[in-house]
Amino acid sequence: MTTLNGLAGCTETLSALHPAGPAAREIATLWTVMLIGAGGIFLFVMLLLVMAWRGNGARADDRVWFWGLGLAFPLVTLTALTAYGLVLGERLRPVASPDVVVVRAEARQWAWSFGYADAPGLRTDDILHIPAGRPVDVEITSRDVVHAFWVPRLAGKLDAIPGRTNRLRIEADHPGDYAGASAEFSGTGYRDHVFTVRAHDPAGWAAFLTADLP
């Protein structure tokens, strides 16, 4: 995994290749499948080029190139990838569940504010608190321009749009801090538009909701 992470040019704290939750694992698996598939296709094309360059006198029937490699191969490949993407998208979709925690994320230049359905009136800035091991629906919006909510180790990226609320399902396997970033160019300060997701064990989450944590 270290090699793959190096290829992606990411550090572990902001790496989608170091998943720490169910949604992030699905995305990392998709990335790996696409990398292996793309690598296989690349090697196949290189083999064809080498065969053409060497020119051994043999020539495949035109029907092989047109129907086989020109139509059947891309049709099968794209159909399989589309089907896999649709199945994955359904798995990532926020669905009703009795243990879902709902939080609200509001972006602005250049900070984040977070609210909690389980503790009306409680608000934190630049640190989102969640319980570990439970699904969390983040209701994402913006106060000014388009930003993006992205915690690579927990889920994919979703835009924060003024006047609209988008919902993203995240979940952390274990307690700890997970780095988040806007990842959307929204002005000269966007590079520092970062935040932290802090996942608590059950006791820590209960303490947070009753304001017993700083």
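The values are calculated or read from the model by the stated rules, or taken from the named source; none is laboratory data. On a predicted model such as this, the values are computed, not experimentally measured, just so you know. Positions of Cβ are generated from backbone atoms using ideal geometry, with glycine treated the same way; all protein chains shown enter the neighbour counts. Remember, those area values only see protein heavy atoms, side chains included, never the ligands or the DNA or RNA. Shrake-Rupley method; radii C 1.70, N 1.55, O 1.52, S 1.80 Å.
For the chain, the normalised intensity computed at q = 0.17 Å⁻¹ comes to -1.18 (log10 of I(q)/I(0), Debye sum over alpha carbons, equal scatterers, no solvent). Fully extending the segment from Arg108 to Asp173, taken as 0.36 nm per residue of separation minus the present Cα-Cα distance, adds 20.5 nm. When the chain is treated as a GNM with alpha-carbon contacts under 10 Å, the residue of Ala155, Ala24, Ala83 showing the greatest mean-square fluctuation is Ala83. Taking all protein chains into account, the per residue accessible area for the chain stands at 59 Å² (1.4 Å probe).
Relative contact order, whole percent, for the chain stands at 21, derived from Cα pairs under 8 Å and 6 or more residues apart. Gap in Å between the Cα centre of the range 46-122 and the Cα centre of the range 155-200? Value for the Cα centre distance between the two parts: 21 Å. For the chain, adding -39500 (n - 2.57) for each run of n ≥ 4 DSSP H residues and dividing by the number of residues yields -10500 deg cm²/dmol at 222 nm.
Between Leu75, His147, Thr188, the Cα set farthest toward the positive side of the dipole of the chain (charges on each charged residue's Cβ, about the Cα centre) is that of Leu75. Legend: residues Trp65, Trp110, sorted from most to least accessible area (1.4 Å probe; ligands, DNA and RNA excluded), read Trp65, Trp110. Sites listed here are trypsin sites (Lys or Arg not before Pro) in the range 118-172 whose DSSP assignment is loop and whose Cβ has at most 12 other Cβ atoms within 10 Å: Arg164. Under the convention that each Lys and Arg Cβ holds +1 and each Asp and Glu Cβ holds -1, the size of the dipole of the chain around its Cα centre is about 640 debye. Taking 0.36 nm per residue of separation and subtracting the Cα-Cα distance, full extension of the segment from Thr165 to Leu47 would add 37.6 nm.
Got a number for carbon plus sulfur as a percent of the chain's accessible area, 1.4 Å probe? Answer for the chain is 63 percent, counting heavy atoms of protein chains only. Farthest toward the positive end of the dipole of the chain, out of Pro98, Ala20, Ala52, is the Cα of Ala52, where the dipole comes from beta carbon charges about the Cα centre.
Quick one: go through the range 24-46 and flag any residue whose amide nitrogen is under 20 Å from the point 7 Å out along the Cα-to-Cβ line of Val64. Label zone hits: 41-46.
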